[in-house]
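**Q** The structure's right below; bear with me while I get my questions together.
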Amino acid sequence: AAGAAGAAGAAGADTFVAAEKQFVGVVRSLRGGATMRESEIYEINMDDMKSNLGVHFADSLKECLKTRRVSLVMVSSVISNTQVSLSESELGLIMDATPENVPLVIDITQGAFNVPIHWGQLLSGRNNVYLVGSCVKHGRAREGVGFMIHPKQGVLQAPLQSGWLAYISGLSSAQTLAPNTSSLLYDEPFAWMGATPANISNLELFINTWDAINRANQSVRGFHAYTQRLHEYLFAELERLGSSVFKWNSVCDWERREAHPEAASNTLVIQVPGGMAPKLVEYLKGRHMFCDQRLESVIRIGFGFEHGKKDCEQFASALVSFERETLNRS
């Protein structure tokens, strides 16, 4: 993403358009690229989870294009802190609204191997869309396995920043810049390679995991449907146990999940009243259930094919116990 931002700025345009509140690494890359290129960042608010976010983003981008020279557009397919997910049709609207000569970078770190998207169909015939992400999250890899999916003949051809792997030919000479210049050298097939090679053992683990999944005739789409059923079972169990706090509408994006069930994330972000999210995280940890918190108001917990109804029952029981022992007394 940083390389894309740098290359975009080189075109002389002065505005990066991005959704607000993206992953911290994305924000750092955007700000770094904007500083280097003396560009501004035009942020589009994505907090209204009820609306059609694709229409909202596309309309905001069109307004921006009327008064600014846009050099880069960036959006996340699944927003990290809230797990609000863009549907396939919404992603298509954003792609259509982005001029063909402007690179559109989509961060799919939270979406890859999570929300099923027909990327092949969406990307067909487009030379300006770049997907960046990691297999660490739902891809079930460990650190060091990231990726970029880019068009063969895209609008970005010469990255200003890249990793040493981009110039394999220069390994023997320890050369990364053209003689007497600051021009970056790279081998054409590896132009967008990152700063370090993938962690080989983790890459092998990733390959073996998904090879086994494919041989078992399983798929991201099947896993997605399964985890959505687990969500339904969890909240049915919470209702059966009499929870008055952890209801379906305590999920941050519950209205969008009902409007776009096919795009709902496998991870739930659940609101916790009274700023008690940190205490709930510790409470659950004591019961060998692990989640993380975002600010003091929500917890974020993931579901996968390794979970079952028994896990949902135990989690529901823990939430209700916390509600009665802590929330009702505070």
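**Q** Could you tell me which numbered condition Val136 fails, if it satisfies all but one of (1) open to solvent by less than 20 Å² (accessible area, probe 1.4 Å); (2) in contact with a Gly (Cβ under 9 Å, 6 or more places away or on another chain)?
**A** Val136 satisfies every listed condition except (1).
**Q** Among the listed residues Ala195, Ala158, Ala191, which satisfies the condition of being at pLDDT below 75, open to solvent by 40 Å² or more (accessible area, probe 1.4 Å) and under 22 Å from Ser71 (Cα atoms)? Lay out the reasoning, then the answer.
**A** Values: Ala195 fails: under 22 Å from Ser71 (Cα atoms); Ala191 fails: open to solvent by 40 Å² or more (accessible area, probe 1.4 Å).
Just one listed residue meets the conditions, Ala158.
**Q** Still on this model: Mind checking which residues of the stretch 273-315 are surrounded by fewer than 12 Cβ atoms within 10 Å (Cβ to Cβ) and aliphatic (A, V, I, L, M)?
**A** Selection gives Leu295 alone.
**Q** If I filter the stretch 100-114 down to residues being over 10 Å from the mean Cα position of the chain (by Cα) and open to solvent by less than 20 Å² (accessible area, probe 1.4 Å), which single residue comes out as nearest to Ser297 (Cα to Cα)? I'd like the intermediate steps shown before the answer.
**A** Our first condition is that a residue be over 10 Å from the mean Cα position of the chain (by Cα); within the stretch 100-114, this holds for 100-105, 113.
From what's left, open to solvent by less than 20 Å² (accessible area, probe 1.4 Å): 102-105.
Values: Val102: 37, Pro103: 35, Leu104: 32, Val105: 30 Å.
Only one residue tops the list, namely Val105.
**Q** Please return the ranges of strands (runs of 3 or more DSSP E) entirely within the stretch 68-150 where 2 or more residues are in contact with a His (Cβ under 9 Å, 6 or more places away or on another chain). If you could, list the steps in order and put the result at the bottom.
**A** On the way: elements: 70-76, 104-107, 129-134, 146-149.
Per the criteria, 129-134.
**Q** Moving to a separate point now. Which pairs have Cβ atoms under 7 Å, sit 6 or more apart or on different chains, and link a residue in the stretch 247-261 that is under 23 Å from Ser89 (Cα atoms) to one that is of a type in the set (Gly, Ala, Ser) and outside any helix (DSSP H, G or I)?
**A** These pairs meet every condition: Arg257/Ala264; His260/Ser87.
**Q** Scan the stretch 229-272 for residues that are open to solvent by 40 Å² or more (accessible area, probe 1.4 Å) and in contact with a strand residue (DSSP E or B) (Cβ under 6 Å, 6 or more places away or on another chain) and jot them down.
**A** Gln271
**Q** Moving to a separate point now. Are any residues in the stretch 211-234 without any contact (Cβ under 8 Å) to a residue 60 or more places away in the chain and either among the β-branched types (Val, Ile, Thr) or assigned to a helix (DSSP H, G or I) (or both), and if so, which ones?
**A** Listed by number, the residues that qualify are Asp211, Ala212, Ile213, Asn214, Arg215, Gly222, Ala225, Gln228, Arg229, Glu232.
**Q** Of (1) surrounded by fewer than 18 Cβ atoms within 10 Å (Cβ to Cβ); (2) out of contact with any strand residue (DSSP E or B) (no Cβ under 8 Å at 6 or more places or on another chain), Ala97 satisfies all except one. Which?
**A** (1)
**Q** Considering each residue of the stretch 295-316, count those that are small (Gly, Ala, Ser) and modelled with pLDDT of 95 or more, and give that number.
**A** Going through the stretch 295-316, the residues small (Gly, Ala, Ser) turn out to be 297, 302, 304, 308, 316.
Restricting the remaining residues to those that are modelled with pLDDT of 95 or more gives 308, 316.
The qualifying residues number 2.
**Q** Right, here's the next one. Restricting the search to the stretch 51-94, which residues are within 18 Å of Glu40 (Cα to Cα), surrounded by fewer than 21 Cβ atoms within 10 Å (Cβ to Cβ) and of a type in the set (Gly, Ala, Ser)?
**A** Residue satisfying the conditions is Ser60 alone.
**Q** So, one more: Of the numbered conditions (1) under 30 Å from Gly304 (Cα atoms); (2) open to solvent by less than 10 Å² (accessible area, probe 1.4 Å); (3) at pLDDT below 80; (4) not polar (S, T, N, Q), Gly33 fails exactly one; give the number of that condition.
**A** For Gly33, the failing item is (1).
**Q** Please work out which residue is farthest from the chain's Cα centre (by Cα), limiting yourself to the stretch 276-330 and to residues that are β-branched (Val, Ile, Thr) and closer than 20 Å to Asn81 by Cα. Spell out the reasoning first.
**A** The initial filter retains those residues of the stretch 276-330 that are β-branched (Val, Ile, Thr), namely 281, 298-299, 301, 320, 326.
Those left that are additionally closer than 20 Å to Asn81 by Cα: 281, 298-299, 301.
Values: Val281: 23, Val298: 18, Ile299: 17, Ile301: 15 Å.
Only one residue tops the list, namely Val281.
**Q** Continuing with this model, one more query. Looking only at the stretch 96-135, which residues are touching a Lys or Arg at 6+ places or on another chain (Cβ under 9 Å) and aromatic (Phe, Trp, Tyr)?
**A** Phe113 - this is the single residue of the stretch 96-135 that is touching a Lys or Arg at 6+ places or on another chain (Cβ under 9 Å) and aromatic (Phe, Trp, Tyr).
**Q** Checking the conditions here, which among Leu284, Leu319, Leu268 is in contact with a Phe, Trp or Tyr (Cβ under 8 Å, 6 or more places away or on another chain), at pLDDT 95 or above and either part of a loop (DSSP other than H, G, I, E, B) or under 22 Å from Gly139 (Cβ atoms) (or both)? Before the answer, list the steps.
**A** On the way: Leu284 fails: either part of a loop (DSSP other than H, G, I, E, B) or under 22 Å from Gly139 (Cβ atoms) (or both); Leu319 fails: either part of a loop (DSSP other than H, G, I, E, B) or under 22 Å from Gly139 (Cβ atoms) (or both).
Step by step, each of Leu284, Leu319, Leu268 is checked, and only Leu268 is in contact with a Phe, Trp or Tyr (Cβ under 8 Å, 6 or more places away or on another chain), at pLDDT 95 or above and either part of a loop (DSSP other than H, G, I, E, B) or under 22 Å from Gly139 (Cβ atoms) (or both).
The values are calculated or read from the model by the stated rules, or taken from the named source; none is laboratory data. Bear in mind the structure is a predicted one, so any value in this text is a computation, not a measurement. Ideal geometry is used to build each Cβ from the backbone, glycine not excepted, and the neighbour counts take in all protein chains shown. Just so you know, the surface numbers come from the protein's heavy atoms only, side chains and all, with ligands and any DNA or RNA stripped out. Shrake-Rupley method; radii C 1.70, N 1.55, O 1.52, S 1.80 Å.
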